[in-house]
Each structure stands twice: as structure tokens, then as C-alpha cells.
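The values are calculated or read from the model by the stated rules, or taken from the named source; none is laboratory data. None of the values given here were measured: they were computed from a predicted structure. So basically every Cβ, Gly included, is an ideal-geometry build from the backbone, and we count neighbours across all protein chains shown.
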Amino acid sequence: MKFPKASLLAFGFQALTSPLPAAIIANHTAAINDRFADDPSFAGSLYDFSGVGRTSDGEWATMIGGYYFVSANHFHPSAGETVRFYNSNSPSGSYFEYTVSGGYQVSGTDLWVGYFSVNVDSSITTYNYATASANSVAETGLSGQNLLSIAQSPTSNSAYGGGAMTDMALGVNRLESWFEQDTNTVTIAGVTNTFGSNAGWDQMVLVENLSGDTANAYQTNEMRIETGDSGSPLFATVGSELSLVGIAYSVTNPPGLTGNFIDTAGNYPGDPYEERIASFYTYSGANSSGLSSIISSLPMPVPEPSLAALTALGTATFLRRRRPTRVGHR
């Protein structure tokens, strides 16, 4: 059997030197898909996205601990850059900014762990994340589940006043295939696509299905990531909670992966194949031991003084200033 060739293009490297294209979101509207439109009909209104931050240059940071976050190794906030986190979906609401102290690549993957010198405010959420090893879609436990993708909006990033920092849109996809470490094939819609090189780590494959496709479940707001989305998060939902499962890494060149996306059963072998663009996410459990090792070795954050300590310090300072000078008698 002859396998079609597919080309995999890592994206995000030009994010700082060229205009940032928007993610492609089917049936996009600002009210439903844009976080900072702050509309009651926002598709993500049930969930807390306060732990997803961005820099003014557009790099992403997703909090997984009190003072540390994950991003993409090839496109992440650098030491000295400022990441902004909004408490709510209101662009005029309160926010916190933190300076990146440093970070490390998770060995053998495109995951990058960054950290601040202090814990973020308690109003900024931190996310649980998948750590179980997996070798297939089924082993992730995510088969058939709707996943929430966060990326840049088709709406102009000047629309909500914060530039890239308020440029976040929500898409809905399903995990349709898997790019296994040390293999060079991805099977989708009954067809095996062969790449020119092996996967360096486990990657999740989300196809941009089109209305009318029968092989996969088409979602109303199917998303395809683009340049500048590297490092953005992919979430599973557990009740009203978000759980991080992937970090955006790459997207296929057009025409994308080949598959029998529109199955006209009964006409085979005359049933033609179709092509669909696919987004690739680094699975958060690709090297969970490496991730844990980095987290355990991070410098501890500087503790912020408590109110009581500040009050005591202020009182002591006041007393020192008010203490009279003793005059000796001769």
C-alpha cells in the first residue's frame, strides 16, 4: 500500500518578527469565542482562565503551580519579560504582572517550565495537568471528549485594549490521532500518513474537520492553530474545572493530512480521499518525570511578608524614630 506523504511545519519561530496570524475558528464570533469580549454567551464562561497569561510580545504562560508555568520551548517568555494574568474575562478588570526569573526545557520535548521569584496572587488559578504516560489516543482517556483550545483570536488584537495580552480565543476540538515518539506515521480517518522524520516526543493530533465530514465528529467551533499560537494551552474539562493536557507545538502545511474524511461507503474503492490541516500539541505527560524533576529543582519563591509582619515592622520603625535621646547627667 502506498502511504501519502505529509509535511510537518513547526510554527511560532517568526512570532516576534512578523504580524501574528489568528487561529482559524469555524463560525467564529467575538461574543462566543473571544475571552475578553466579556460576553455572557462566551463558550468558556463556566471555566476559569485566569491562569493563562501572555507577554506583550505574545508568548504564552499557563500556571501549573504557585510560581511556575509551562510554555513551548521554541517560543516562550524569556527571563526579564513580564507576563500578565487577568482575574476575570473583563479587559478593564484587575490583573497581575510578574517578571520571569528563568526556566528550563523538559528534556526531549518542546515543553518549557518557567518560574517567577514570587508566588502569583491567590486569585490566579493554577491547573492540574495530565502526567500519565500514553502511547495512543485511547490511553490518554480523552477519546470522544471535547477539548478546549486557547489561541489568538481572528478579532484584531487591538480590540480589547491590552494588545496581545487580551488576545485570547476559545475553540473546541477532539483528539483524533497520535504522533508516537520515535515513529514517523500518523493514522487518521483510515489512512496512514508518513513523515520524513520521527516524532521526538509524544504529540496529540487535532484535525480541523469541516462541516460534512463523517469520519470525525465536527465541532461548531473547530480550531486550527497558526503562527504565534505556540505555547498556548489545550484543556480537558472535569466538571467545571480545567485540566491541562497539551501545549501547542506545530501545524501541518497545506493541504495537510490525507484521510477518508467524507466516507461514501459503497463506492469504495472509488471513494476519494480528502486532506485536512492538523494541529500538533505536545502531550503534557510526554516526559512527566522530567517535568517533575525540573519543578522540584526550581528556586523557592521569595515569601511575601504577612500583614502582621508588616505591621510589626512598621511599629518598630516608628518606635525607633520616636525614641528620645537619653541625656546623661554629669
GLY239 vs (1) at negative phi; (2) without any contact (Cβ under 8 Å) to a residue 12 or more places away in the chain: all pass except (1)
Identify, please: which residue in region 1-45 is surrounded by fewer than 12 Cβ atoms within 10 Å (Cβ to Cβ) and at pLDDT 95 or above and is, among those, nearest to ARG276 (Cα to Cα)? ASN27
Please verify whether THR62 is buried (at least 20 other Cβ atoms within 10 Å of the Cβ), polar (S, T, N, Q) and closer than 15 Å to ALA151 by Cα, treating the condition exactly as stated. yes
Can you pull out the residues in region 159-177 that are under 24 Å from HIS76 (Cβ atoms) and out of contact with any Asp or Glu (no Cβ under 7 Å at 6 or more places or on another chain)? TYR160, GLY162, GLY163, MET165, THR166, ASP167, MET168, LEU170, LEU175
Residue under question is ALA286, and the condition is that it be under 20 Å from ALA26 (Cα atoms) and surrounded by 22 or more Cβ atoms within 10 Å (Cβ to Cβ); does it hold? no
Quick one: which strands (runs of 3 or more DSSP E) sit completely within region 42-133 and have at least 3 residues that are under 15 Å from the mean Cα position of the chain (by Cα) and under 30 Å from ASP182 (Cβ atoms)? 60-63, 68-72, 111-116
Only one of ALA189, ALA169, ALA199 is among the aliphatic types (A, V, I, L, M) and under 19 Å from the mean Cα position of the chain (by Cα). Can you tell me which? ALA169
Taking region 133-174 on its own, how many of its residues are in contact with a Phe, Trp or Tyr (Cβ under 6 Å, 6 or more places away or on another chain), among the polar types (S, T, N, Q) and touching a residue at least 60 places away in the same chain (Cβ under 8 Å)? 1
Among (1) in contact with a Pro (Cβ under 7 Å, 6 or more places away or on another chain); (2) without any contact (Cβ under 8 Å) to a residue 24 or more places away in the chain; (3) of a type in the set (Gly, Ala, Ser), there is one condition ALA199 misses while meeting the rest; what is its number? (1)
Only residues in region 30-46 that are free of Cβ contacts under 8 Å to residues at least 12 places away in the same chain count as the first member; pair them with residues that are among the aromatic types (Phe, Trp, Tyr) and assigned to a loop (DSSP other than H, G, I, E, B), Cβ under 9 angstrom, at least 6 apart or cross-chain, and list the lot. ALA31/PHE42
